[in-house]
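The next block holds one structure in the form of structure tokens; read it before the comments.
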Amino acid sequence: QMKAVIFDMDGVISNTVHLHYIVNKKVADQLGIAFSQEWNQQLQGLSRRATVEAIVEKAAVALSDKEFDHLCELKNSHYKELINSLTTEDAQPGIRSFIEELKERGIPMVIASASRNANLVLTRLELVDHFHGIVDVTTLKQGKPDPEIFLKAAEIVDVYPSACVAIEDGEAGLKGIMETEMFSVGVGAEPALTKADYYIASTKELTVASLEKALNKHER
Ligand code: G6P
Ligand code: MG
């Protein structure tokens, strides 16, 4: 059953994981430690503060609250500059047609992203109007990997979790989905994503037909 579809944004809808890499690396540079694409992948889905916390922890430096806040601001001001140049070309492959397909079928879509820039990114991609809602991250008690953000997304459209499909490219988010009754879809190269109810390597493989087939197989 697919009564609603819940989307992570970065890496699922927007091709922005490499932009997070640039700004996360800036934070690591400031702290004098190395950063990698792999680590950036592992950090996907964590809030801005949790991301900076993880990098600070690895660097094993003691920062004052002020210094910590400054790093978060540094990360976000650079990120905002980067997303200002996003265009409709920066949607993930196949995602626009998948969203249009869902819209035609009247299946509501909700964004469950840890990003405080979700509205801005979706606006740049000219996709924001397709969504029934975006979970307000400022109301969350816990970020990913807690399932709260996904359950809130289901509440927005008033659909039981068991009738929702939720799509993630990050390990933290997938973990959250898998704690709910939602049908989980993992997309991308991260090895941990193969644990999802339905795993695909690329967003190109996202179609209503492919999802329905996977759902039927799962229910049987
Ligand atoms: C998403 C991304 C993370 C990012 C977080 C916060 O979850 O996957 O890499 O750190 O959002 O984004 P923000 O735009 O609020 O800094
Ligand atoms: Mg993501």
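No lab work stands behind these numbers, since they all come straight from the coordinates. Please read all numbers here as calculations on a predicted model, not as lab measurements. As a convention, Cβ positions derive from the backbone with ideal geometry for all residues, glycine included, and neighbour counts pool all protein chains shown.
Here the Gaussian network model covers the chain, with springs between Cα atoms less than 10 Å apart; of 64, 14, 85, 64 fluctuates the most.
Expressed as a fraction of 2.2 N^0.38 Å, the value expected for a compact globular protein of N residues, the C-alpha radius of gyration of segment 136-203 is 1.06.
Sorted into 10 angstrom bins from 0, the C-alpha pair distances of segment 1-70 split as 18, 48, 22, 9, 4 percent. From least to most packed, judged by other beta carbons within 10 angstrom and beginning with the fewest, 16, 138, 123 follow the order 138, 123, 16. Angle, helix 48-59 long axis vs. longest principal axis of the chain, Cα atoms, 0 to 90°, nearest 10? Computed tilt is about 50 degrees.
Taking a sphere under 10 Å around the Cβ of residue 130 and counting the other residues whose Cβ falls inside, with K and R at +1 and D and E at -1, yields a net charge of -1. Scaled against the 2.2 N^0.38 Å expected of a compact globular protein of N residues, the Cα radius of gyration of segment 105-220 reads 1.03. Note on the chain: with a GNM built from Cα contacts shorter than 10 Å, the maximum mean-square fluctuation among 204, 66, 103 falls on 66.
What the Cα convex hull of segment 48-175 gives, in volume per residue, is 126 Å³.
In terms of Cα atoms, the Rg and Dmax of the chain work out to 17.1, 55 Å. So if R0 is 22 Å, what FRET efficiency would residue 105 and residue 179 give, r being the distance between their Cβ atoms, rounded to the nearest 0.05? It comes out at approximately 0.20. Computed from the C-beta positions of residue 208 and residue 89, the FRET efficiency with R₀ = 25 Å rounds to 0.60. Axis of helix 95-104 versus longest Cα principal axis of the chain: the two differ by about 40°, to the nearest ten degrees. At what distance in nm do the modelled label points of residue 29 and residue 69 sit from each other, each positioned 7 Å from its Cα along Cα→Cβ? With each label placed 7 Å out from Cα toward Cβ, I get 2.5 nm. Given the options 93, 147, 191, state which has the largest fluctuation in a GNM of the chain using a 10 Å cut-off (strictly under) for Cα springs. Judging by the Gaussian network model, the answer is 191.
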